[in-house]
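Down below is the structure, laid out as structure tokens.
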Amino acid sequence: MEPDSTQPGRGERAGQGRKSLLGSFQGGVLGLMNADHIIVPCGNCGTRNRIPRARLKESPVCGRCRTPISVSAAYPGLAVDATDRTFQQEVLQFPGSVLVFFWATWCGYCRSLMPVIGELAKKYAGRIKFVRLQTDTNQATASRYDVLSLPTLLLFKNGRQVNRLVGALPREQLEQQLSALL
Ligand SMILES: [Zn+2]
């Protein structure tokens, strides 16, 4: 059911002693990966609006009910914290691309990945939603997705899991996987 392209990354359990390549930043150019539109749900009627990226700054309105659409509310540009209770709504019901970062406070690789996730959330604001889930306090979700090693990143598109990345991947590799979501 879940088409994983599982990658043997460096997780908290797998492969100690190899230095993380996180932090070898690419100096990414904004807009390099140029999706020509994004899908944003209307807060009033739920209609999924396809909005050309070029027109995001023109105060778009819903094609059906003309309610102004808050693009920044749908893709805030920072990682949103989800729980067992909110996972369905934040991730599975979200019409668009979502990255879910499964982490724990005791996980060193997770701590080094955290600022990268924050920066990517800003960089991909309006294109990919970033969600964090703490596994210790949300074990039902972690168990449902077989998260055995931390960090684990799951990528969703329109509520369907499309990829799983295990371990602290270098930022460039992470961005390659993200570009497939756009
Ligand atoms: Zn509407």
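The values are calculated or read from the model by the stated rules, or taken from the named source; none is laboratory data. Keep in mind that this is a model prediction, so the values were computed, not measured. Glycine gets a Cβ as well: all are built from the backbone with ideal geometry, and neighbour counts include every protein chain shown.
Points worth noting:
So that you can scan it fast, the table gives a plain yes or no per residue for (1) under 25 Å from GLN139 (Cα atoms); (2) surrounded by 17 or more Cβ atoms within 10 Å (Cβ to Cβ); (3) away from the ligand (no atom under 16 Å from the Cβ); (4) modelled with pLDDT under 85:
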position	(1), (2), (3), (4)
LEU32	no, no, yes, yes
ALA54	no, no, yes, yes
SER59	no, no, no, yes
CYS65	no, no, no, no
ALA79	yes, yes, yes, no
VAL100	yes, yes, yes, no
CYS110	yes, yes, yes, no
PRO115	yes, no, yes, no
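- Criterion applied to GLY96, GLY46 was being surrounded by 13 or more Cβ atoms within 10 Å (Cβ to Cβ) and not aromatic (Phe, Trp, Tyr), and the one residue passing it is GLY96.
- Listed by first and then second residue, the pairs linking a residue in the stretch 43-66 that is touching a residue at least 24 places away in the same chain (Cβ under 8 Å) to a residue that is within 12 Å of the ligand (Cβ to nearest atom) and not in a loop (DSSP other than H, G, I, E, B), with Cβ atoms under 8 Å apart and 6 or more places separating them unless they lie on different chains, are ARG48/VAL40; ARG48/PRO41.
- The residue pairs whose first member lies in the stretch 156-172 and is in the same structural domain as GLN93 (by TED's automatic domain parsing), whose second member is among the aliphatic types (A, V, I, L, M) and part of a helix (DSSP H, G or I), and whose beta carbons are closer than 8 Å, counting only pairs six or more residues apart or on different chains, are PHE156/VAL91; PHE156/LEU92; GLY159/VAL91; GLY159/LEU92; LEU165/LEU174; ALA168/LEU113; ARG171/VAL116; ARG171/LEU120.
- Within the stretch 151-182, the residues that satisfy the criterion of being surrounded by 18 or more Cβ atoms within 10 Å (Cβ to Cβ), outside any strand (DSSP E or B) and of a type in the set (D, E, K, R) are ARG171, GLU175.
- Note on the stretch 56-150: enclosed helices (runs of 4 or more DSSP H) holding 1 or more residues that are over 23 Å from GLY46 (Cα atoms) are 108-123, 139-144.
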